[in-house]
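What follows draws every value from the coordinates through simple rules; no lab data is involved. Since the model is a prediction, treat every value here as computed from it, not as a measurement. All Cβ positions, even for glycine, are placed from backbone atoms using ideal geometry, and neighbour counts span all protein chains on display.
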Amino acid sequence: MTNEHRTTIVNFMAGDTIIQEGNGCDDIYYIVSGNVEIIKKNSDHQEVVLAVLGPGDVFGELGQILGLHRLATVIATTNVTAEIIEPSIFNSILNSPIGQRLRPIIHSMAERIRIHGIRLTELEPRIKKPDLSEVDEERTVLLVADTAESIQTLDGVDNMEITKFPFRVGRFCPGRGEGLFYRNDLNLIQEMPFTISKTQFSIVRNYNEYFLVDRSSEMGNIVNGVTVGGLDEHTERRIQLSLGENIVYIGKRHYNLKYRIIIQ
């Protein structure tokens, strides 16, 4: 392995700015541990949180793909260890025969993400960021299966603790390569006919607040009586979770896939 293909491990403290919007640099970061916040300013110079990323996530790739300056600011919300993927590694993949075929697809997806980010900054002004010293690190978050059907999706286990955020939930895909674009932290088991999507929902933490966010599921979710996600574009796409007990159904109530998300 030559020097140009080596990766570098870097560490950041909570509150550090890892990437500054508008700056030039084309390194791509893979998060080994910790969490970061992706922030972009809208036309009124208000900051909007586009995403909160955690271990296994990648950021900084859009500028490299599109050949642009940094499109957003990235701030460490906890201590972060990341691996820098140097441009030479990324380019060697894209310049391979398969990479050349994938290049227009990747470029198109990156452009759509960029446009979506711009629209989001105009639609969702950011709530004032609390002092990091005020963030409660002691909360316990549990996912509890309440019915025989929901316990079966957890392979017989009726509860589990959630210790990382975002926490991605979706249906297990046994076929080789089928789950390439469906990375989940929890794979729910279900036999046909499927009512759980490969990308069902995420549980996201933003400082002291917790949200359930739909991941483009087909059947949607019912959270504390409110429909979140699904094919109806007029439904909510995310909902804030309450401290204490939250009742979640995947799909329709009569599917009997009932869970509780307990935040205590």
key: Förster radius 41 Å - calculated FRET efficiency between Ser43 and Ile189 (Cβ-Cβ, nearest 0.05)   = 0.35
message = If I model a spin label at Ile247 and Glu83 as a point 7 Å from the Cα along the Cα→Cβ vector, what separation in nanometres do I get?
response = 4.4
note = Rounded to the nearest 0.05, FRET efficiency between His254 and Glu161 (Cβ-Cβ, R0 22 Å) equals 0.15
remark   = Beyond 14 Å, the calculated P(r) of the stretch 186-264 holds a percent of Cα-Cα pairs equal to 59
ask   = Taking the Cβ-Cβ separation of Asn95 and Glu149 as r and a Förster radius of 45 Å, what is the calculated FRET efficiency to the nearest 0.05?
value = 0.40
task = Give the long-range amide H neighbours of Tyr210: residues separated by 5 or more places, or on another chain, with amide H under 5 Å away, using H modelled in the peptide plane at 1.01 Å from N.
result = Leu241
query = How do 35-41, 198-204 rank on mean C-beta neighbours within 10 Å, highest first?
reply = 198-204, 35-41
query = For the stretch 136-263, what is the charge dipole size about the Cα centre, in debye to the nearest 20, if Lys and Arg each add +1 at the Cβ and Asp and Glu each add -1 at the Cβ?
reply = 300
